[in-house]
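Engineer: Here you go, one structure.
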Amino acid sequence: MKYAIKPRIHTGIGTSDSHIQHKFKSTREKIIERGVAAVKYAKSFVEDVEFYAEDAGRTENAYLAQVCEAMIAAGATVLNIPDTTGYCLPDEYGAKIKYLKENVKGIHNVTLSCHCHNDLGLATANSIAGAINGARQIECTINGIGERAGNTSLEEVVMIMKQHPDLNLFTGIDTTLLYDTSKMVSESMGMMVQPNKAIVGSNAFAHSSGIHQDGVIKNRETYEIIDPAEVGVTESAIVLTARSGRAALAYRAKKVGYELTKLELDDVYKEFLNFADRKKEVVDEDIHEIMKVLA
């Protein structure tokens, strides 16, 4: 702690009735007392103290406001509002942050933080809703790793903010390092990233449907709202499968050295479909084999 450039102690306690009654077998009043004591103790070591109200997502807003006000008075500098069970809907979580901003004395002197879990697949949406309504810190992880179904995905919230400048939310993160960072974390932890994971999945910029491929080849923005280079991916991938059309075959053939006329493409495409019916994906080596039909 003494060597940290920006030392912070993070302490907290459960505030939902479920936690108070079943986990602590306590009362709302005693929970506030314990929270205040923890913040004051942490404050004796560092200036920057973060308090988390565990299960804030299922905590009644009026009581949560009392908790937050007490922690600010005790010296907390950051208030973490966790949706611990991933239960909240985005408008519900956003409204909770808004309620705290409008009803807690001293709230403008501290930082509100989102800490959302992904049990219902809403961690990113909830975090963005929280930021829109006044939170200025999002607790997130690379690849969305975390307890159970995971936490808010850093790469997702960063790119949402970048793609929607009208939100006036900025991170200063170098997005070109997102893909490499994702790979490093995945390899270090031995946790594969699902291929269809947003932003960093292997299929995030891969197109296998003929209609999509034709559109992307003509103009990338028809089916990609993010330039792959923005997140550190070299280029979009045109994946050849039985669903691919002539445009995709011609595009990939040109990549490996074949400039086809329309008539040649018609002949080659028939052979391509035979290959594609036998294989899940047609690769560059297969294209050379397919081109022998023109000999």
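The values are calculated or read from the model by the stated rules, or taken from the named source; none is laboratory data. All figures in this text were calculated on a predicted structure; none of them were measured in a lab. Neighbour counts run over all protein chains shown; Cβ positions are idealised from the backbone, glycine included.
Engineer: Within the stretch 229-266, work out how many residues are modelled with pLDDT under 85 and over 20 Å from residue 218 (Cβ atoms).
Structural biologist: 0
Engineer: Oh, and also: Output the number of the condition that residue 114 fails; it satisfies all remaining conditions of (1) surrounded by fewer than 21 Cβ atoms within 10 Å (Cβ to Cβ); (2) in contact (Cβ under 8 Å) with a residue 24 or more places away in the chain; (3) within 23 Å of residue 231 (Cβ to Cβ).
Structural biologist: Condition (1) is where residue 114 drops out.
Engineer: Filter the stretch 131-154 down to the residues that are within 13 Å of the chain's Cα centre (by Cα) and either basic (Lys, Arg) or not in a loop (DSSP other than H, G, I, E, B) (or both) and list them by number.
Structural biologist: Residues satisfying the conditions are 138, 139, 141, 142, 143, 144, 151, 153, 154.
Engineer: Would a scan of the stretch 221-243 turn up a residue that is in a helix (DSSP H, G or I), in contact (Cβ under 8 Å) with a residue 24 or more places away in the chain, surrounded by 18 or more Cβ atoms within 10 Å (Cβ to Cβ) and of a type in the set (A, V, I, L, M)?
Structural biologist: yes
Engineer: Name the helices (runs of 4 or more DSSP H) wholly within the stretch 7-120 that hold at least 1 residues that are under 23 Å from the mean Cα position of the chain (by Cα)?
Structural biologist: In the stretch 7-120, 90-103 are the helices (runs of 4 or more DSSP H) which contain 1 or more residues that are under 23 Å from the mean Cα position of the chain (by Cα).
Engineer: Has the stretch 245-254 got any residue that is of a type outside the set (Gly, Ala, Ser) and not in a helix (DSSP H, G or I)?
Structural biologist: No, the conditions are met nowhere in the stretch 245-254.
Engineer: So residue 119 clears everything in (1) among the acidic types (Asp, Glu); (2) touching a Phe, Trp or Tyr at 6+ places or on another chain (Cβ under 9 Å); (3) within 26 Å of residue 43 (Cβ to Cβ) except one condition, right? Which one?
Structural biologist: Failed condition: (3).
Engineer: Scan the stretch 255-295 residue by residue and report those that are in a loop (DSSP other than H, G, I, E, B) and within 28 Å of residue 199 (Cα to Cα).
Structural biologist: 256, 279, 280, 281, 283
Engineer: In addition: Name the residues in the stretch 183-197 that are part of a loop (DSSP other than H, G, I, E, B) and surrounded by fewer than 16 Cβ atoms within 10 Å (Cβ to Cβ), would you?
Structural biologist: Residues satisfying the conditions are 190, 191, 192, 194, 195, 196.
Engineer: Also: Need the failing condition index for residue 225 against (1) closer than 30 Å to residue 150 by Cβ; (2) of a type in the set (A, V, I, L, M); (3) modelled with pLDDT under 90, just the number.
Structural biologist: (3)
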